[in-house]
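Reading through the structure tokens given below for one structure.
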Amino acid sequence: MLTLEALSFAVHGKVLLSSMTSIIPDNALTCLIGANGAGKTTLLRILTGELQATSGRFLIDHTDARSLSQSQIAHHFSIIPQDVQPPPHLTVLELVALGRFHPYGALWWRLSHRDHDIVDACLNLCQVDQLSERRVDQLSGGEQQRAWLAFGLAQEKRFLLLDETLGGLDVLAKQSFFKLLKQIASEGKGIVLTTHDLELVADYADRVVVLSHGRITYEGPPNAHLHNFLTSNGRQ
């Protein structure tokens, strides 16, 4: 579980996040929604240790993240950023295998038996096992996103953070991706997705956090209260 306690962030005198207090549970698909510039990406960068909060704190379970190094924080999170591009000529299998790489472990071309098992399981779960020998840059948008998801899962981190990863996908591909995220979350992964797809959020999210100008303006399940909030405030 992640706990935000009065978390704020400012740079050059500009406040990007203001007094955020929230809980992000394990075993759930949490969707962050809000207009561009609302603070979604900034929050993800703080969670991964890339940025330090100006004030307040966040806890990983009961551990204050301020007591951890960036590398220690990174042990808890996989992140797939916006507009991520695969290295040229990399196959799906090679990309997912890179998820098993860490600076002090075996290189991707010297995977252990356990590493191979994990890679195979992630390929199967994300339904890209039949594409394993295909180059990632030659796949469709939906296939690429599934390959990147398998890469993130292969890292075996507790939380998976996805930042606007569905841009350019058609409605059916987005729906299929949300279904997969829902399944993965139900099996024990904490997933945080930033998105603008409100209809799919309503259908698949376990929890929704609405950001506006760096503040949390709504949090809870995607129910009638969320619909009424978005309607009364003009869709975020």
Of (1) assigned to a helix (DSSP H, G or I); (2) assigned by TED's automatic domain parsing to the domain that holds Thr42; (3) at pLDDT 90 or above; (4) polar (S, T, N, Q), Ser232 satisfies all except one. Which? (3)
So is Val210 β-branched (Val, Ile, Thr), at pLDDT 90 or above, under 23 Å from Leu123 (Cα atoms) and surrounded by 18 or more Cβ atoms within 10 Å (Cβ to Cβ) or not? no
Only listed residue being of a type in the set (Lys, Arg) and either under 21 Å from Leu131 (Cα atoms) or modelled with pLDDT under 85 (or both), chosen from Arg100, Arg66: Arg100
Assuming Leu43 fulfils every condition listed in (1) surrounded by fewer than 17 Cβ atoms within 10 Å (Cβ to Cβ); (2) modelled with pLDDT of 95 or more; (3) in the same structural domain as Leu169 (by TED's automatic domain parsing); (4) hydrophobic (A, V, I, L, M, F, W, C) apart from one, which condition is it? (1)
Within the stretch 1-17, does at least one residue satisfy the condition of being in the same structural domain as Thr194 (by TED's automatic domain parsing), touching a Pro at 6+ places or on another chain (Cβ under 7 Å), part of a loop (DSSP other than H, G, I, E, B) and surrounded by 14 or more Cβ atoms within 10 Å (Cβ to Cβ)? yes
Taking Gln145 as the residue in question, decide whether it is within 29 Å of Ser71 (Cα to Cα), of a type in the set (S, T, N, Q) and not assigned by TED's automatic domain parsing to the domain that holds Leu29. yes
Quick one: is His116 touching a residue at least 40 places away in the same chain (Cβ under 8 Å), surrounded by fewer than 19 Cβ atoms within 10 Å (Cβ to Cβ) and more than 15 Å from Ile80 (Cβ to Cβ)? no
Which one of these is closer than 18 Å to Thr91 by Cβ, surrounded by 15 or more Cβ atoms within 10 Å (Cβ to Cβ) and among the charged types (D, E, K, R): Arg135, Arg158? Arg135
Would you confirm whether any residue within the stretch 65-79 is at positive phi and in contact (Cβ under 8 Å) with a residue 24 or more places away in the chain? no
Going through the stretch 17-43 in order, the residues found to be among the aliphatic types (A, V, I, L, M) and farther than 11 Å from Leu211 by Cα are Ile23, Ile24, Ala28, Leu29
Of the candidates Leu93, Leu59, Leu29, the one satisfying the condition of being modelled with pLDDT of 95 or more and closer than 30 Å to Glu199 by Cβ is Leu29
Here the residues within the stretch 128-143 that are in contact with a helix residue (DSSP H, G or I) (Cβ under 6 Å, 6 or more places away or on another chain) and of a type in the set (S, T, N, Q) are Ser132
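The values are calculated or read from the model by the stated rules, or taken from the named source; none is laboratory data. In this text the structure is predicted, and so the values were computed from the model without any measurement. Positions of Cβ are generated from backbone atoms using ideal geometry, with glycine treated the same way; all protein chains shown enter the neighbour counts.
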